[in-house]
Every structure is written in structure tokens, then in C-alpha cells.
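K.L.:
After the C-alpha cells below, expect a handful of questions from me.
The values are calculated or read from the model by the stated rules, or taken from the named source; none is laboratory data. Everything numeric here is computed off the predicted structure, so don't read it as measured data. Cβ placement follows ideal geometry from the backbone for every residue including glycine, while neighbour counts extend to all protein chains displayed. Accessible surface areas use protein heavy atoms only, side chains included; no ligands, DNA or RNA. Shrake-Rupley method; radii C 1.70, N 1.55, O 1.52, S 1.80 Å.
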Amino acid sequence: MLEVGNKAPDFISTDENGEKVSLKDHKGKKVVLYFYPTDDTPTCTTEACSFRDNFSRLTKHAVVIGVSPDTEASHAKFKTKYDLPFTLLADTDHSIVKAYGVWREKKTFGKTYIGVVRTTFIIDEKGYISHIFNVTRVKGHVDEVIKALS
């Protein structure tokens, strides 16, 4: 399990356009790396739109990247449908979610399964984790992230 102060695991994945993206691409900048279960579901859409609606406030301090196990094509549709201004990474092999420890057992309506636990990491300019948010409520989450960045 990652903790504040740990070196953030590097990754290489593809975005919604099929372009390769690495954490190293953003060295020297803070990164808000948020993990969510799936595109175009009510809670994930609310969270993404909250990042979108606060994008100018966030980008004063950091780059925003969303990650889920969905495909590039799914991300492209989601991004277009909701006019999302940030990168969405396709983690179809679960390598990023596993490296960040967010691919875990979950329970919904009494059913147990493995999936993405909604989590946001702030990574500092040197590549270390400065904040971890285990998101239990989407409402107000982005404000907490902005406060931590300020």
C-alpha cells in the first residue's frame, strides 16, 4: 500500500487518443492522478465533471489525469460527451491500478468483487506522493484537492 512520502510509481499508458503518456512526462509539475471505476456511470461522471468545472482552479497548481480500466475508445466517448479538458488513461491491463494499490476487493449490495477503489493522489514536482484521498464522497472532493494543492 502506498503512503504519503513514497515515490510515485511511474507508468506508461495510452490516453483517449491512443497517445503514450508517462508520469515522467510531467516531471517538475504537480500531478493530480485520480482513479475511478468506469466511464459514464453516475458517480464517475459527477466526479469527472467536478474536475472539469474546477479545471482552471486545478491547473494553476497541477496537471490532472484520470485513470480507469476502460478502453481508449470508451475514454474518447466519455471525454467528448462531457467536454472533459484533461487526459484520461486506459489501464486495460490493470498495471497502473495495481501499482497504486487501488485494484482491491469491494462490496456493493452485498456482492464482493475486485475493482477500482476511487482514490486520488497528488504527486509533487519530484515524483513523490504528497497527498492520498480515499474518496468516500465525490461531493466536495475536488475542493479538498484544491485546498491541498494551495
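K.L.:
Mind listing the phi-derived Karplus ³J(HN,Hα) values for segment 134-140, rounded to whole Hz, using 6.51, -1.76 and 1.60 with θ = phi - 60°, and x for any glycine or proline?
P.N.:
Listing the rounded values in order: 8, 7, 9, 10, 6, 4, x Hz.
K.L.:
Right, another one. Over segment 41-150, what is the relative contact order in whole percent, taking alpha-carbon pairs under 8 Å and six or more residues apart?
P.N.:
Working: 119 pairs, mean separation 24.2, N = 110.
Answer for segment 41-150 is 22 percent.
K.L.:
Here's a follow-up. Roughly how many Å is it from the Cα centre of segment 1-25 to that of segment 106-136, as a whole number?
P.N.:
14 Å
K.L.:
Could you tell me what percent of the accessible area of segment 61-150 is made up of carbon and sulfur, with a 1.4 Å probe and every protein chain present?
P.N.:
Details: 2410 of 4710 Å².
Looking at segment 61-150 in its full context, I get 51 percent from C and S.
K.L.:
At Arg57 and Ala148, where each label point lies 7 Å from the Cα along Cα→Cβ, what is the point-to-point distance in nanometres?
P.N.:
Going by the 7 Å Cα→Cβ label model, 1.6 nm.
K.L.:
Quick one: if you take sqrt(5λ) for each eigenvalue of the C-alpha gyration tensor of the chain, what semi-axes come out, biggest first, whole angstrom?
P.N.:
The answer is 20, 18, 17 Å, longest axis first.
K.L.:
Residues of segment 65-113: accessible area per residue at 1.4 Å, in Å²?
P.N.:
That works out to 54 Å² for each residue.
K.L.:
Could you pull out every one of the lysines with an alpha carbon less than 25 Å from that of Lys20, ignoring same-chain neighbours closer than 8 positions?
P.N.:
Output for Lys20: Lys7, Lys29, Lys30, Lys60, Lys77, Lys79, Lys81, Lys98, Lys126.
K.L.:
Once you charge only the Cβ atoms, +1 for Lys and Arg and -1 for Asp and Glu, what is the size of the charge dipole of segment 16-150 about its Cα centre, to the nearest 20 debye? Show your work: numbers first, answer last.
P.N.:
Working: 21 positive and 17 negative charges, 79 e Å.
Here the size comes out at about 380 debye.
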